[in-house]
Structure formats: structure tokens, C-alpha cells
Amino acid sequence: MSTTGKVIRCKAAIVWKPGGSFSIEEVEVAPPKAKEVRIKMVATALCGTEMKMLKDKNLQHQHYPIIMGHEGAGIVESVGEGVSTVKAGDKVIALFLPQCGECTSCLNSADNFCIKLKQAETHLMSDGTSRFTCKGKPVYHFGNTSTFSEYTVMDEISVAKIDAAAPLEKVFLVSCGFSTGYGGAINTAKVTPGSTCAVFGLGGVGLSVIMGCKAAGATRIIAVDINKDKFEKAKEVGATECINPQDYEKPIQEVLFDLTGDGVDFSFEVIGNPETVAGKAEMVPLNWFLIIWQRRL
């Protein structure tokens, strides 16, 4: 039976108050309105952004109750009036940084912060209302995506069509983790050919940083983590060597200096602990869990 134009009842993870935990609830997801897309979510991830929000009881700027989640992929269930880039049945990934493709920011190759996002209330749809309700109450959206729901509604500009053969359980990482790490190396740090890089933290974002450094032509990519089980995968994606700080008595920055002779050219903190960054460094904050610093030349 077709669900087009009908309210869909499904499960979603709701956070009811600041500092609260996830509560699995039945929600109602309204049909998409003009320029909106309703998606059946297939894969999503708990990103560092959500983890930080769950721990912080003082996020007064956020709205509750809320369905979080901004990294995900799924299949288009139905589209609203005027949607032209996707259709029912298409595989898509969520874009928490939407691209209208028309504003000055989107047309600027050095920018990626769509003006429509700057102007929008990201906790609601563009018409100022929510597409979610639970127990008779409206539930707020998160990042224009809200992927922690079996079905969600996004603006068309927050959705990107992908190849029909793409495995959703893998490509959903392009939504945030991969693009953050890879883009951090290529676009933010602008890693140079022949350089030496250090990557602290070998989770999904850290591995993506390594891939970005390799693609940029770095000669040495030193992966740093206290979990040696991650070393094999790090080497598979481009790390030239892996070290565990717990294997040394001296501070890790001294270890890196000894390994390289004069220090590294680019360092990436991908642990989620800015205190890792120490010494005389030029820091470029990309987001809360990726900090880049470059040696002064």
C-alpha cells in the first residue's frame, strides 16, 4: 500500500530535554511539503556532535524535544511539489550542510556554507513548522536532517542522490565523517605533496584524514592511537607508520620529533580532545572533533 501523501508512524530516538538520553518512541512523520523529501532511513551514525549535545546540559540554544542525527543514507519514499533532483525510490545521503546551488556561497568554490542555511531555523522546516509529532506534541528537527528516525523529512537541498548500486551501510559516512576528515586534509589544511603528516585518532574521521593526506601526496603519514587494533586499517588506507603513545616514556610530540628529525608539517587532532594540541601551533578549528595545526615555516 502506498504511503505517499499519508502520515507515517514509525520509531525514532527522541531527546526530551537538555542533557537527556535517547528515548525510542513512536512518532508521526507528516508528508513532505513543497521542495521537501521524505526518506526511509537505512543507515545512520552517532557522530561526535550528538555525543557532545547529550553530555551538555546547558545548550539553551537548542530546542526540545528533538530528533537528532545528521549522518545518514536512505531511500526516497515520496517528494513534495516542485522537487526535481530526486524521485521516489532514489538512494540518497543526508547533507547537514545543504547546497542550494544558487546563492553566492554555493557558487563560491572556496565556501560551503549555503546562505539558506544561515537564514534558516534548523530546528524547523523552511515554513516554520515541524514534520514530526509524538504523543500529540510537535518534535523539533536537527540540522535539517534528523536521521535518528525510521522516516524523516528534509529540504530538497539537504539531500544528494547517489548511485543506485551504492551500499547505503557504507556510503552514509560521506554524509559527515568522511567529508570532514578528507576535506580537512584537502581543503582546510591543504596538505602539500612530499609533506609529513601526523593523525591523532584513528576512528572514521581520522582514517578519512589519512586518505586525504595520501591523495594530497604526503610522503609520510604517521598514525597515532592507543588502540593498536586500528593500525592495520590505518595502513590499508594510507598510513606509512603507526605508533602508540603508551609505548613511550617521553611525550608524543618528542617521539614525533625524533622520528622525523624536525617535526611534522601537518598535524590533525581527531580524538575530540582539543587539549591534545599543545606547544607553539597555529590552530585551525574545523569542528569540535577535528583540529588541524600546521608547523610554522
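Taken over region 172-192, the residue count meeting the criterion of being of a type in the set (A, V, I, L, M, F, W, C), outside any loop (DSSP other than H, G, I, E, B), in contact (Cβ under 8 Å) with a residue 40 or more places away in the chain and under 30 Å from L124 (Cβ atoms) is 3. Taking region 231-273 as the search range and keeping residues that are surrounded by 15 or more Cβ atoms within 10 Å (Cβ to Cβ) and hydroxyl-bearing (S, T, Y), which one is farthest from G183 (Cα to Cα)? If we take residues in region 231-273 being surrounded by 15 or more Cβ atoms within 10 Å (Cβ to Cβ) and hydroxyl-bearing (S, T, Y), then T240 is farthest from G183 (Cα to Cα). The residues on offer are E232, E241, E169, and the sole one that is in contact (Cβ under 8 Å) with a residue 40 or more places away in the chain and among the acidic types (D, E) is E169.
Pairs are defined by a Cβ separation below 6 Å, a sequence spacing of at least 6 or placement on different chains, a first member in region 89-112 that is assigned to a loop (DSSP other than H, G, I, E, B), and a second member that is open to solvent by 50 Å² or more (accessible area, probe 1.4 Å) and of a type in the set (D, E, K, R); the pairs so defined are D90/K161; C100/K116.
Scanning region 131-169 for residues that are assigned to a strand (DSSP E or B) and either open to solvent by 70 Å² or more (accessible area, probe 1.4 Å) or polar (S, T, N, Q) (or both) returns T133, K137, P138, S149, T152, K161.
Across region 14-50, the qualifying residues are those that are free of Cβ contacts under 8 Å to residues at least 40 places away in the same chain and open to solvent by 50 Å² or more (accessible area, probe 1.4 Å), and the one among them that is farthest from S158 (Cα to Cα) is S21.
Quick one: in region 119-165, which of the residues that are among the basic types (K, R) and closer than 13 Å to V37 by Cα is farthest from the chain's Cα centre (by Cα)? Selected residue: R131. Against the definition (in a helix (DSSP H, G or I), within 18 Å of the chain's Cα centre (by Cα) and within 24 Å of G261 (Cα to Cα)), how does V209 come out, yes or no? It is true that V209 is in a helix (DSSP H, G or I), within 18 Å of the chain's Cα centre (by Cα) and within 24 Å of G261 (Cα to Cα). Please find, within region 100-118, the residue that is least open to solvent (accessible area, probe 1.4 Å) out of those that are small (G, A, S) and farther than 21 Å from A34 by Cβ. That would be S105.
The values are calculated or read from the model by the stated rules, or taken from the named source; none is laboratory data. Keep in mind that this is a model prediction, so the values were computed, not measured. Neighbour counts are summed over all protein chains in view; Cβ atoms, including those assigned to glycine, are modelled from backbone coordinates with ideal geometry. Surface areas here come from the heavy atoms of the whole protein model, side chains and all, with no ligands, DNA or RNA. Shrake-Rupley method; radii C 1.70, N 1.55, O 1.52, S 1.80 Å.
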